[in-house]
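Only one structure is covered here, and it is reproduced in the block below.
Every read-out reported here was derived from the displayed coordinates using simple, explicitly stated rules and does not represent laboratory data. These figures come from a predicted structure and were not determined experimentally. Ideal geometry is used to build each Cβ from the backbone, glycine not excepted, and the neighbour counts take in all protein chains shown.
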Amino acid sequence: MNDFSATSAPVSSELFVSISKKYAGGFKLDVSLTASPGITILFGSSGAGKTTLLDCIAGLASPDSGKIAVSQKVFFDKNINVPLRERGVGCVFQDLALFPHLTVEKNIQYGLAHLSSQERVRRCDTILESFGIANLRTRKPRQISGGEQHRVALARALVTNPRVLLLDEPLAALDAITKSKIIRDLRVWNHEQRIPILYVTHSREEVFALGERVLALEQGQILADGTPHEVMNAPLQETVAQLAGFENVFSSMVVHTNVERGTMSCRLEGTEVELETPLVRAKSGSNLRIGIRAGDILLATVLPQGLSARNILPGKIMALNQRDMIVVARVNCGVEMEVHLTLAARDTLGLHTGQDVWLVIKTHSCHLMTG
Amino acid sequence: MDWQAFWLTTRLAVLVGAILAAIAMPIAYWIAYSRWRWKFLVEAVVALPIVLPPTVLGFYVLVALGGRSPLGRWWQSLTGHTLAFTFEGLVIGSVIYSLPFAVQPFAASFAGVDRRLILASSTLGASALRTFFRVIVPLSMPGLIAGVALSFAHTMGEFGVVLMVGGNIPGVTRTVSIDIYDQTQALNYAGANTTALLLLFLSFTMLALVYGLNRRAGTTWPWKHS
């Protein structure tokens, strides 16, 4: 595809970061990670600390303590703080920061000042070709499209053969087709170069499109680490608004997590009742709220067997009320749950107040949110 | 029309413009990017010539250049004469007098350069000096042109400092504005008018050029544009 490996020694390096940084507002970044060559995705909501982490690696901010290194080259340690211009870190941030007064060609050559002019031109031509922007070389940034600007920004960072590449939502402003084409070019390039690429995003689609490995960052900490499938199939923690429509909302504590199976156990507050729930990015001992729709709960009059559902709770019907065409049952099973039934179900099962029943709740009917 | 005075004034203005372009840039860079808490004091000192009466400034410059000051004595030991009432003295006085007219537009345009571009330059391995000349200066061009043009025009028309420091020596320190003053004193209104008109025309052309070049940067005082 291109001849980078032929023109420069292939870099094979590993990024090591173990830092902490406290902010006056109480936010604390506390992160340890190792990124091998290839794309590592940093996924998290805004304010999770993604950008702060990138700033520390690039040298735009300094951690309070810890160590940052790429292979043998230490960027930050107790007595070391390499200035950003000597780190050899390629950065493409959302605003791109192309030099508006320079042509595409001059933008790309900007980081090559230490090379001879022939070598500069050769490297620039190669990367212009491989990113499909050779026809733009004499244009100014404002004269080209958004997608083209992103290609130029990537090319400008990559042409310097950086030790590590940091991408902070570099494609957030682009449509899906342009985005996937650029990602393809980036992959092709990295197939040759094999450097660690940290790719920050808050888009699930991008995570699956890129996915070699995902780190989920929340509140300054890495809560999950794995393939996109492992990390992302645990549903996102829901917001208060999303949980507002749930008839049953309980406070609970995470008892243990089962990362391999994508599940965890939560004990409902003030009870011995434990529910198996989908895995979310939460640690054992942390507090979560569980929302369960009344219509998602099955009610059985005998202990059900051979079911796939993982949560089967014994309880007693405390009240049965008909509301329009549904029957609202209140069942005490350590906590009181609201269960919605059809009229036919009530009549067929001959349900009555005081009856002993079992409630059946599927793992994925348990929706989780923090606090 | 005293062409000798006119030629002298032009030489003075070009020289002052050139010197200011060189020395105002580092001062403006420092003012734009320093985080020193007492920076405002330096800004105030640089701006002083705008508000001081030219005679006050001229007086101190004259004292500083004269045979009793260390600077004056040092110059005298080098050249055999003092700086007062010489062309060189005039240049020094004019540079100080026009300093804010260069530093302020320079600093405003440096500070207006997108910080992310400066950081991008650093991540691409550029030194502070390279970033300055390749990114900051090109993107500050309207402010730099305005600063040089304003100090040039300002020097062309200055009177008080010149009179205090230089006196009125034809071919040495007699500038256009002093010539106009002399002609008016001698009741030669026609002569004064010709010279005054020329100065008026020149100043207007200069300012029109500055504003014309800065049109895209927004209409405001050239030294305040961002």
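Karplus-based coupling profile of region A:320-330, in residue order and whole Hz: 9, 10, 8, 10, 6, 9, 10, 9, 9, 9, 10, with θ = phi - 60° in 6.51 cos²θ - 1.76 cosθ + 1.60 and x standing for Gly or Pro.
What number results when the radius of gyration of region A:240-370, computed over Cα atoms, is divided by 2.2 N^0.38 Å? Display every interim value, and only then the final one.
On the way: Rg = 14.9 Å, N = 131, 2.2 N^0.38 = 14.0 Å.
Dividing the Cα Rg of region A:240-370 by 2.2 N^0.38 Å gives 1.06.
Each label was represented as a point 7 Å from its Cα along the Cα-to-Cβ direction; for B:Thr194 and B:Arg116 these points are 5.9 nm apart. The mean number of partner chain beta-carbon atoms within 10 angstrom of a residue's beta-carbon across peptide A:91-97 is 4. Projecting the Cα atoms of A:Ala172, A:Thr138, A:Ala153 onto the charge dipole of region A:127-223, computed from C-beta unit charges around the Cα centre, puts A:Thr138 farthest toward the positive end. Take each residue of peptide B:110-123, count the partner chain Cβ atoms within 10 Å of its Cβ, and average: the result is 5.
Kirkwood Rh, chain B, all Cα pairs: how many Å? If you can, show how the numbers build up before the last one.
On the way: mean 1/r = 0.0530 Å⁻¹.
One decimal place: 18.9 Å for the Kirkwood radius.
So what's the back-of-envelope 222 nm ellipticity for chain B, counting only DSSP H runs of four-plus at -39500 (n - 2.57) apiece and dividing by all residues, rounded to 500?
Details: 11 runs with 162 residues, N = 226.
Helices in chain B give a 222 nm mean residue ellipticity of -23500 deg cm²/dmol.
For the options A:Pro63, A:Pro83, A:Pro278, a Gaussian network treatment of chain A with springs between C-alpha atoms closer than 10 Å singles out A:Pro83 as fluctuating the most. Within a straight-line Cα-Cα reach of under 16 Å, A:Lys106 can be paired with the following lysines, leaving aside sequence neighbours fewer than 8 residues apart in one chain: A:Lys140.
With a Förster radius of 51 Å applied to the beta-carbon distance between B:Ala47 and A:Arg204, the computed FRET efficiency rounds to 0.40. Using a Cα-Cα cut-off of under 27 Å, which lysines could be cross-linked to A:Lys283, ignoring same-chain neighbours fewer than 8 residues away? Within the straight-line cut-off, A:Lys283 pairs with A:Lys21, A:Lys22, A:Lys28, A:Lys50, A:Lys67, A:Lys362. Dipole of chain A computed with +1 at Lys/Arg Cβ and -1 at Asp/Glu Cβ about the Cα centre; of A:Ser116, A:Gly25, A:Ile182, farthest Cα towards the positive end is A:Ser116. For A:Asn161, nonlocal amide neighbours, meaning residues 5 or more places apart or on other chains whose placed amide H falls under 5 Å from its own, do not occur.
Using unit Cβ charges (K, R positive; D, E negative) and no other charged atoms, how large, in debye to the nearest 20, is the dipole of chain B about its Cα centre?
Numbers: 14 positive and 7 negative charges, 202 e Å.
Result for chain B is approximately 960 debye, rounded to the nearest 20.
Ranking B:Val42, B:Leu20, B:Gly93 by Cα position along the charge dipole of region B:1-104, where only Lys, Arg, Asp and Glu carry charges on their C-beta atoms, puts B:Val42 farthest toward the positive end.
For region A:17-176, the fraction of C-alpha pairs farther apart than 20 angstrom is 55 percent. Here the calculated FRET efficiency for B:His81 and B:Phe201, from their Cβ-Cβ distance with R0 = 56 Å, stands at 0.95, rounded to the nearest 0.05. Taken about its Cα centre, region A:4-232 carries a charge dipole of about 620 debye when Lys and Arg each add +1 at the Cβ and Asp and Glu each add -1 at the Cβ.
For chain A, the Kirkwood estimate of hydrodynamic radius, built from reciprocal distances between every pair of different alpha carbons, is 23.8 Å. Computed from the C-beta positions of B:Gln4 and B:Val56, the FRET efficiency with R₀ = 25 Å rounds to 0.30.
Just tell me the longest site-free run in chain A, where the sites are chymotrypsin sites (Phe, Trp or Tyr not before Pro) in a DSSP loop having at most 15 other beta-carbon atoms within 10 Å.
A:28-371
Not counting the cut sites, what is the longest span of chain B without chymotrypsin sites (Phe, Trp or Tyr not before Pro) that DSSP labels loop and that have at most 12 other Cβ atoms within 10 Å? List each step's numbers first, then the result.
Numbers: sites that count: B:Trp36, B:Trp38.
No qualifying site falls inside B:39-226, the longest such stretch.
Calculated mean residue ellipticity at 222 nm for chain A: -6500 deg cm²/dmol, from DSSP H runs with n ≥ 4 weighted as -39500 (n - 2.57), summed, divided by the residue count and rounded to 500.
In this rough spin-label picture, where each label sits 7 Å from Cα along the Cβ direction, the A:Met253-A:Leu349 distance is 3.2 nm. Which value in nm describes the separation of the simple spin-label points at B:Asn168 and A:Lys28, placed 7 Å from the Cα toward the beta carbon? If labels sit at B:Asn168 and A:Lys28, their model points lie 7.8 nm apart.
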